[in-house]
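Let me begin by presenting the structure, written as structure tokens, before commenting on it.
The values are calculated or read from the model by the stated rules, or taken from the named source; none is laboratory data. Note that the structure is predicted; figures quoted are calculated from it, not measured. For neighbour counting, all protein chains shown are included, and Cβ atoms are generated from backbone atoms with ideal geometry for every residue, glycine included. The area values use the complete protein model at the heavy-atom level, side chains included, leaving out ligands, DNA and RNA. Shrake-Rupley method; radii C 1.70, N 1.55, O 1.52, S 1.80 Å.
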Amino acid sequence: MKSINQHTTFKVEEIRKDFPILSRKVNGKPLVYFDNAATSQTPQIVIDAIVNYYSNYNANIHRGVHTLSQEATDAYEQARQKIQAHFNAKSSHEIILTSGTTHAINLVANGFSSILKQEDEVLVSALEHHSNIVPWQMLCEQTGAILKVIPMNQEGELVITEYDKLLSKNTKLVFVNHISNALGTINPIEDIINKAHKVGAAVLVDGAQACPHITPDVQALDVDFYVASAHKMCGPTGIGMLYGKSRWLNKLPPYQGGGEMIEEVTFKKTTYADLPYKFEAGTPNICGGIAFGVAIDYMNAIGFDAIASYENKLLNYATKKLLEIEGLKIYGTSKNKTSVISFNIEGIHPYDIGTIVDKLGIAVRTGHHCAQPIMDFYDIPGTVRASFSFYNTKEEIDALVEAVKKAKTMLS
Ligand SMILES: *Cc1c(COP(=O)(O)O)cnc(C)c1O
């Protein structure tokens, strides 16, 4: 296998060579991929790791004495340790490998169904992805707990003074995303966590949108649960992680029953395996876990500081250029935001813009971005969302601006 290129200085043209998909054409035009907030592209090194696994050591893990099984187990557990180190968890057994963010949130929500009581309160932010809303609504229906919403303002920021008012001794859980996928807002999670802890509430942070841009330190944040998906940070789909403090993970009941998660099974009684296996029933996504570890290595080799500073330049450039188009409005104008631009042009449906720019090879997302409450807040059906990654360029942004201008001419 090729080893990871060390990109000692940030040269986007060099980085782009790591991604085979970036040289393909769409509708006869070079692909411009601006749907990174939905899923990121995959570097060759991660593709190689997947091919290598299935070509050379595909086997089930943890229970085989044979060589292949041991190799697969070692690689999978090393990946867990990489994830632990990356997020600075105290112990690798605090890292549960899940199928993604959604699975991780459901695991925690399900666990709290045996802890929450009627009249307990749980707080959700107005900026959430549906996957950080629906599981908690289901939980509240089951337990009789009350769901309250931390409101947002026109800039797309949470109103922290309102959060302060919502917190009370009845608050048991707060869940909030680190960065909004629809608007790009970076939420003040340190403050949110500290304040929740003062009233004895636990906090789950949805980091799906943050992890492609920054490295969260779960111990420094003192967060109770932190969740992410590999496919938004150069890894494959179908794998992600839940970080939980041991204290919490020991307290929560298992999510699913099956193989791997047991210590001893008789028809009278089953005892559960220790962490992390208690939460990992069945054969996991072994290859995905290994590839997740490689994706983390890849991004770290480029460096998250370099990534953030480059993406910030793209964000500023694109914001300026897009705002030159008359009638274009950007939703989510916080000073603290990542490289996501959600916009509309007056009188034009976002879907129509998306369709025309796709004809020109440009992939953007249109719709509510799994965050319908945000769209309702702005009283719009959806937006066009362009989300930039470290492998995008200013020239690609120019192409987007030209394409949007063309769409505007055609549609108005
Ligand atoms: C993408 C995303 C999710 C859902 O992630 P899955 O990989 O689909 O489970 C949840 N929250 C945010 C903020 C996201 O961006």
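Among what's in region 244-257 and is outside any loop (DSSP other than H, G, I, E, B) and open to solvent by less than 10 Å² (accessible area, probe 1.4 Å), pick the residue that is nearest to the ligand (Cβ to nearest atom). Even if it seems obvious, please write down each step before you answer.
Within region 244-257, the first condition is being outside any loop (DSSP other than H, G, I, E, B), and the residues that meet it are 244, 246-251.
From what's left, open to solvent by less than 10 Å² (accessible area, probe 1.4 Å): 244, 249.
Working: 244: 17, 249: 19 Å.
Only one residue fits best here, namely 244.
Is it the case that residue 311 is among the acidic types (Asp, Glu) and either touching an Asp or Glu at 6+ places or on another chain (Cβ under 7 Å) or more than 16 Å from the ligand (Cβ to nearest atom) (or both)?
Numbers: among the acidic types (Asp, Glu): yes; either touching an Asp or Glu at 6+ places or on another chain (Cβ under 7 Å) or more than 16 Å from the ligand (Cβ to nearest atom) (or both): no.
Judged against the criteria, residue 311 is not a match.
Somewhere in region 199-206, is a residue closer than 24 Å to residue 343 by Cβ and free of Cβ contacts under 8 Å to residues at least 12 places away in the same chain? I'd like the intermediate steps shown before the answer.
Of all residues in region 199-206, those closer than 24 Å to residue 343 by Cβ come to 206.
From the residues that got through so far, the ones that are free of Cβ contacts under 8 Å to residues at least 12 places away in the same chain too are none.
The answer is no; no qualifying residue exists.
Given the residues 238, 200, which is the only one that is more than 16 Å from the ligand (Cβ to nearest atom) and part of a loop (DSSP other than H, G, I, E, B)? Spell out how you get there, then give the answer.
Values: 238 fails: more than 16 Å from the ligand (Cβ to nearest atom).
Result of the check over 238, 200: 200.
Can you name every residue in region 101-154 that is of a type in the set (S, T, N, Q), within 16 Å of the ligand (Cβ to nearest atom) and either within 29 Å of residue 261 (Cβ to Cβ) or assigned by TED's automatic domain parsing to the domain that holds residue 333 (or both)? Please lay out each step first, then the result.
First, the residues of region 101-154 that are of a type in the set (S, T, N, Q): 101-102, 106, 110, 113-114, 118, 125, 131-132, 137, 142-143, 153-154.
From the residues that got through so far, the ones that are within 16 Å of the ligand (Cβ to nearest atom) too are 101-102, 106, 110, 125, 131-132, 137.
Passing the criteria: 101, 102, 106, 110, 131, 132, 137.
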* **Residue match in region 158-171 (condition: open to solvent by less than 60 Å² (accessible area, probe 1.4 Å), within 16 Å of the ligand (Cβ to nearest atom) and modelled with pLDDT of 95 or more)** => yes
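Scan region 210-219 and tell me whether some residue there is open to solvent by less than 20 Å² (accessible area, probe 1.4 Å), closer than 30 Å to residue 298 by Cα and more than 15 Å from the ligand (Cβ to nearest atom).
Pass one, region 210-219, residues open to solvent by less than 20 Å² (accessible area, probe 1.4 Å): 210-213, 216, 218.
After this cut, where a residue has to be closer than 30 Å to residue 298 by Cα as well, the list is 210-213, 216, 218.
Pick out the ones that are also more than 15 Å from the ligand (Cβ to nearest atom) and you get 218.
The answer is yes; a qualifying residue exists.
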* Structure fact -> If you go through 320, 335, 329, the only one that is without any contact (Cβ under 8 Å) to a residue 40 or more places away in the chain, open to solvent by 30 Å² or more (accessible area, probe 1.4 Å) and assigned to a loop (DSSP other than H, G, I, E, B) is 335
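In the set 39, 73, which member is touching a His at 6+ places or on another chain (Cβ under 7 Å), within 30 Å of residue 366 (Cα to Cα) and at pLDDT 95 or above? It would help to see each step written out before you state the result.
Numbers: 73 fails: within 30 Å of residue 366 (Cα to Cα).
When all the criteria are applied, what remains is 39.
Is it the case, given these coordinates, that residue 91 is open to solvent by 10 Å² or more (accessible area, probe 1.4 Å), within 16 Å of the ligand (Cβ to nearest atom) and touching a residue at least 60 places away in the same chain (Cβ under 8 Å)?
Working: open to solvent by 10 Å² or more (accessible area, probe 1.4 Å): yes; within 16 Å of the ligand (Cβ to nearest atom): no; touching a residue at least 60 places away in the same chain (Cβ under 8 Å): yes.
Judged against the criteria, residue 91 is not a match.
Taking residue 282 as the residue in question, decide whether it is on the phi > 0 side of the Ramachandran plot and either in a strand (DSSP E or B) or exposed (fewer than 15 other Cβ atoms within 10 Å of the Cβ) (or both).
On the way: on the phi > 0 side of the Ramachandran plot: yes; either in a strand (DSSP E or B) or exposed (fewer than 15 other Cβ atoms within 10 Å of the Cβ) (or both): yes.
Taking the combined requirement at face value, the residue satisfies it.
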